[in-house]
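The values are calculated or read from the model by the stated rules, or taken from the named source; none is laboratory data. None of these values were measured; they are calculated from a predicted model. Here Cβ is always computed from backbone atoms with ideal geometry, including for glycine, and neighbour counts include all displayed protein chains.
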Amino acid sequence: MNIWRRTNSKKDKVGLWVNKYSSEFYKYARVRLNSHEDSEDVVQQTFMKAFRSIDSYKEETNERSWLYTILLNTIKDRVSSMQGRPTLLTLDGDDGLVESLIDEQIGPDELVSQNFTLDLLAAAIASLPDQFATPFVMREVSDMKYQDIADLLGVPIGTVMSRLYRARRALAEFLTAQEIPDSARSKNLPRGEQTNEM
């Protein structure tokens, strides 16, 4: 009887996590993997691993960080198995990623330029080394605070800020090197480019 209660409790807890985090985790995985199917698989595997490992989860542990650790390891495993497959990202508006990465105040007259630069921005993100892409996507897609990213990655907050700065600078340089209108470029830079907001 105790085993039955414990199993139901595990299912309930993981079920709550699925409802709470699956959309956020999917967005993160989608940016890193450039595949709807792979992203869905990775998120599903993350929660399956969480269920299997829930006995190691302690109530005082930050559940989001604990789950992100599983997600990041699952993505690394998937990337390793994808050797030789293209990694260039293509962002479309169907899954909400566009709204996560660009300024929502863009006017109708800039939509054509916006679509053009989204492909360029996606290519730039795909080309970032993982040590810079991971904190960048956590900040820009998952909207995590600098300290939370530092805690999750096990690095000082200064390292996170430095990596974010370098990622944003690389993206800005990539877009600057392209032949796109200035108005579109400024609208499509990541929102943290000119702020030190914590």
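Key figures for this structure:
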{"item": "Helices (runs of 4 or more DSSP H) lying entirely in segment 1-114 (those with 1 or more residues that are aromatic (F, W, Y) and modelled with pLDDT under 90)", "result": "2-33"}
{"item": "Complete set of residues in segment 128-172 that are touching a Pro at 6+ places or on another chain (Cβ under 7 Å) and within 21 Å of T61 (Cα to Cα)", "result": "I149, A150, L153"}
{"item": "Residues of segment 34-54 classified as under 14 Å from M82 (Cβ atoms) and buried (at least 21 other Cβ atoms within 10 Å of the Cβ), total", "result": "2"}
{"item": "Filter pass, S186 being surrounded by fewer than 18 Cβ atoms within 10 Å (Cβ to Cβ) and either at pLDDT 85 or above or not aromatic (F, W, Y) (or both)", "result": "yes"}
{"item": "E173 of a type outside the set (A, V, I, L, M) and either at pLDDT 90 or above or not assigned by TED's automatic domain parsing to the domain that holds P135 (or both)", "result": "no"}
{"item": "Hits in segment 134-169 (condition: in contact (Cβ under 8 Å) with a residue 40 or more places away in the chain, part of a helix (DSSP H, G or I) and surrounded by 18 or more Cβ atoms within 10 Å (Cβ to Cβ))", "result": "T134, F136, V137, M138, R139, E140, Y146, D148, L152"}
{"item": "In segment 10-22, the residues that are exposed (fewer than 15 other Cβ atoms within 10 Å of the Cβ) and without any contact (Cβ under 8 Å) to a residue 40 or more places away in the chain", "result": "D12, G15, L16, N19, K20"}
